[in-house]
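Here is the structure we will look at, set down as structure tokens.
The values are calculated or read from the model by the stated rules, or taken from the named source; none is laboratory data. Being a predicted model, the structure only gives us computed values, none of them experimental. Because the Cβ atoms are built from the backbone with ideal geometry, glycine has one as well, and the counts that use them run over all protein chains shown. With ligands, DNA and RNA removed, areas are computed over all heavy atoms of the protein, side chains included. Shrake-Rupley method; radii C 1.70, N 1.55, O 1.52, S 1.80 Å.
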Amino acid sequence: MMISQLFILSSKGDHLIYKDFRGEAGSDVVNIFYEKVTALSGDQPPVVMSHKDLHFVHVRQGGLYWVATTTPDSSPFTVIEFLNRLTALVKDYCGSLSEKSVQMNFALIYELLDEVVDYGYIQTTSSDVLKNFIQTEAVSSRPFSMFDLSNVGLFGAETQQSKVAPSSAATRPIQSSREQGGKSEIFVDVIERMTVVIGSNGVLMKADVEGEIRVKCYMPSCSEMRIGLNEEFSIGKSQLRGYGAAVRVDECSFHQAVRLDEFDSNRILRLCPSQGEQTVMQYQLSDDLPSAPPFRLFPTIERDSGGRLLMYLKLRCDLPPKSAAINVCATIPVPKGSVSLSQELSSPDQSAELKLQSRAIVWQIPRFPGGTQLSALFKLEVSGLSSASMLEVGPVGLGFELPKLTATGLQVRFLRLAPVQPGPAQRWVRYVTHSDSYIIRI
């Protein structure tokens, strides 16, 4: 399989990176690709497109187009896998995937491409192999500091009493440990995504959870890492052990580098982590939640004497009292003909706006403590309001993040490194659950 050209474009079509490996086509193919993508309707253009004897294969990561051109006899699935590995490689070396980071590190990316692809043939995408050849240092868009807690964001799990790792802690180049005096750090992130449907009567109709354990390593050498999970962790219909609170998933898969000789007996994952990020375990739980859904909605919808549509919404957060959801966003579809909105919100940090183009009210809550309830009264001016148009309200879609929590209850019991590192090694374990699709019918 051969790759003729590889280029990276911004969402506006700006040329960020362009590499021609074989000279089989001119540089005008970059503009041809962008014209083809922008001419298509819909948010998801085809991954593979053709122009004469050339095929365009692309993926979208970090708001950028990562494109490879190949001849018709190449396997598109192989090219897609290569592009995904390339984006992970660039993220490892640059710290993040964005237009700014690509622009600031273009010399490093060109050096990576020279090592990864030779005359169109893929050589390697391993960070461990490439670290022996890459000399260019990454340029970070923002200096990293373990004491900068201004942007906790996605993560923020507590470790060792009051220590907190900010979300930006693991978004730095893998080579940056040299810049920080050889600091050795390893991050283990347990990330879960919820898909929930709640009926208009409040009954839970669907509840799926997809999760993964990611490891990002900034350690120059680590022969083995051992990750201990809940002892009461069962897969499928296997018999529970009776050690403690049950944690069950339906399916589970592991990275090929994970050794499972201690998994069945002690629920321990063993692996030799390479520098950079890798997903060591993925799991899924279908049609079940160990605890109550995190949010319940109590709506009242009626028409007032002035002909306006009144929506009184009470949103309850059923998380434990010491927990909190962040970046909560409720999207409420409204009838056609909606003109203007007036609102009464129960706290000053909330905000709401009528989006006429998408025909929805967007209600935003920056922080929602567990065990509390918030409310909103929306008064909507709708031209030609009728009983039929009132039925167009809903369903409500919720977006949120739950830091320090997992929906399945999966926990990391311990994280051990062997051999013991000579210098201080920071080990961070972080948890987050966020909504993939959380729908409440009204």
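Please list, in order, the residues from the stretch 25-40 whose amide nitrogen is less than 15 Å from a point placed 7 Å along the Cα→Cβ vector of residue 2. Counting only backbone N, you get 25-26.
Pick out, from 61, 49, 18, the residue whose Cα sits farthest towards the positive end of the charge dipole of the stretch 1-83, with +1 on the Cβ of Lys and Arg and -1 on the Cβ of Asp and Glu. Farthest towards the positive pole: 61. Full extension of the chain segment joining residue 77 with residue 256 gains 62.5 nm, where the gain is 0.36 nm per residue of separation less the Cα-Cα distance. Per-residue SASA remark: residue 27, around 80 Å² accessible (1.4 Å probe; ligands, DNA and RNA not included). The shape of the stretch 245-314 comes out prolate: with a ≥ b ≥ c from the C-alpha gyration tensor, a/c is at least 1.5 and a/b beats b/c.
So which GluC sites (Glu not before Pro) in the stretch 257-338 end up in coil per DSSP with only 16 or fewer other C-beta atoms within 10 Å? Sites meeting the loop and neighbour criteria: 262. Judged by the gyration tensor of its Cα atoms, with axes a ≥ b ≥ c, the stretch 3-131 is oblate; a/c meets the 1.5 cut and b/c is at least as large as a/b. A full extension of the chain between residue 50 and residue 129 corresponds to an added length of 25.1 nm, given 0.36 nm per residue minus the alpha carbon distance.
Rg to Rh for the stretch 295-403: what is it, with Cα atoms only and Rh by Kirkwood? Don't jump to the answer; show the numbers that get you there.
Working: Rg = 14.2 Å, Rh = 14.3 Å.
My calculation puts Rg/Rh at 0.99.
In the stretch 295-403, a dipole from Cβ-located charges (positive for Lys and Arg, negative for Asp and Glu) runs towards its positive end, and of 323, 339, 312 it is 323 whose Cα lies farthest in that direction.
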